[in-house]
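The structure under discussion appears below in the form of structure tokens.
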Amino acid sequence: MKLNFVIIGTEKAGTSYLVKILNSSGKIYLPKSEISIFQNPDFKKCSNIKKYFLSIFPKKNKNLILGIKRPNYVHLKEVPNRLYQYNKNLKIILCIREPIKRFISHYLHHIAYGYITSKKINANMIKLLNKDKVFLKNNPRAKDITNGMLYYKNYLRYRNLFSKKNILILNQNEMREKKTFKKLSKFLGISLKYTAKIKSNVGRYDYFSIFLHRKMINLRFNRNQNKKKLKSDISFFDKILFYFLRILSKITILKGKKIEINDSVIKKIHMEYNNEYLKIQRININQTI
């Protein structure tokens, strides 16, 4: 049993929607959860990985194409070499997105999950873009946002190891188009039937929605946000409150004040990362499969 492909990222660039597309084919198996084994600090030998994959992939149907998704693999320096050591013929899928929308979406996503402060959003976005040391020290997970913006630099890290024909770039703007299904079919060696029925994940990032999500996260996670509380540690009242908040979050008419992003932030994002996007987009346009 060998892994055939990996969706390496980028976060907030259509990777979850891509998983839905591929799993709908019936010819591919992608675990619903993200697989982080290649970034494990204790990563040593590929033999351990083989045992791990045997435990998460179906054993009955050996004809399935096997893949995993982990959007932060794209910017983790140790991962490309580990993937290459595991399988030199591994296929890599990189999703990209227009930088302004991706940066804002990722930043607000991190706020909703409690990874970074919810205060002074515009001012702190500028601090992140300026690599402010105090802000980064207090919000270490914020680096994931800016590291993911380095499309071309991250691509080269994989391209230096893997063959050009083994790397597929997909733009989030084109994910629903027929040509994307054709690209995936040819790249993975299967026949993907085009469908427009698959729903994409749409983040709700108004103030009220973020408030609800942070409350739910605080009920289910420890303060350091790295470990889920054991179910036995969650009181009955907290469980009731959690599911009540979850129901509220699903009611689309309950929207709070829209979060407005200043022009100064938008201009700064464009100035810092548009060149990276243009470089990777040129490769995307010119790639042959």
Members of segment 108-124 found to be buried (at least 18 other Cβ atoms within 10 Å of the Cβ), without any contact (Cβ under 8 Å) to a residue 40 or more places away in the chain and in a helix (DSSP H, G or I), listed by number | His110, Asn124
Residue list for segment 252-270, restricted to those being surrounded by 11 or more Cβ atoms within 10 Å (Cβ to Cβ) and in a helix (DSSP H, G or I) = Ser264, Val265, Ile266, Lys267, Lys268, Ile269, His270
Taking the residues in segment 45-88 that are outside any helix (DSSP H, G or I) and among the basic types (Lys, Arg) as candidates, determine which candidate is farthest from Arg159 (Cα to Cα).
-> Lys60
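Would you be able to say whether some residue in segment 84-92 is within 26 Å of Leu188 (Cα to Cα), at pLDDT below 95 and either loosely packed, with under 14 Cβ neighbours inside 10 Å or in contact with a helix residue (DSSP H, G or I) (Cβ under 6 Å, 6 or more places away or on another chain) (or both)? Break it down into steps so the answer makes sense when it comes.
Taking segment 84-92 as the starting set, the residues that turn out to be within 26 Å of Leu188 (Cα to Cα) are 84-92.
Keeping just the survivors that are at pLDDT below 95 gives 85-87.
Filter once more, so that each one left must be either loosely packed, with under 14 Cβ neighbours inside 10 Å or in contact with a helix residue (DSSP H, G or I) (Cβ under 6 Å, 6 or more places away or on another chain) (or both): 86.
There is at least one residue in segment 84-92 that is within 26 Å of Leu188 (Cα to Cα), at pLDDT below 95 and either loosely packed, with under 14 Cβ neighbours inside 10 Å or in contact with a helix residue (DSSP H, G or I) (Cβ under 6 Å, 6 or more places away or on another chain) (or both).
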May I ask you to say which residue of Ile8, Ile35 is closer than 20 Å to Asn201 by Cβ and either among the polar types (S, T, N, Q) or in contact (Cβ under 8 Å) with a residue 60 or more places away in the chain (or both)?
-> Ile8
Give the residue, chosen from Lys127, Lys199, that is in a loop (DSSP other than H, G, I, E, B) and more than 28 Å from Leu83 (Cβ to Cβ).
-> Lys199
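How many residues, within segment 138-187, are among the hydrophobic types (A, V, I, L, M, F, W, C), within 20 Å of the chain's Cα centre (by Cα) and within 18 Å of Lys91 (Cα to Cα)? It would help to see each step written out before you state the result.
Restricting attention to segment 138-187, the residues satisfying the condition of being among the hydrophobic types (A, V, I, L, M, F, W, C) are 142, 145, 149-150, 156, 161-162, 167-170, 175, 181, 184, 187.
Narrowing further to those that are within 20 Å of the chain's Cα centre (by Cα): 142, 145, 149-150, 156, 167-170, 175, 181, 184.
From the residues that got through so far, the ones that are within 18 Å of Lys91 (Cα to Cα) too are 156, 167-170, 181, 184.
Count: 7.
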Residues of segment 229-266 being modelled with pLDDT of 85 or more and of a type in the set (Ser, Thr, Tyr), in sequence order, are Tyr243, Ser264
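Looking at Tyr84, Tyr158, which is the one that is closer than 21 Å to Phe38 by Cα, aromatic (Phe, Trp, Tyr) and touching a strand residue (DSSP E or B) at 6+ places or on another chain (Cβ under 9 Å)?
Values: Tyr84 fails: touching a strand residue (DSSP E or B) at 6+ places or on another chain (Cβ under 9 Å).
Only one candidate passes the filter, namely Tyr158.
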Per-region count, segment 59-90, residues among the basic types (Lys, Arg) and either touching an Asp or Glu at 6+ places or on another chain (Cβ under 9 Å) or not assigned by TED's automatic domain parsing to the domain that holds Tyr158 (or both) | 2
For Lys165, state whether it is farther than 21 Å from Tyr107 by Cβ, modelled with pLDDT of 85 or more and assigned to a loop (DSSP other than H, G, I, E, B).
-> no
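The values are calculated or read from the model by the stated rules, or taken from the named source; none is laboratory data. Source: prediction; values computed, not measured. Glycine gets a Cβ as well: all are built from the backbone with ideal geometry, and neighbour counts include every protein chain shown.
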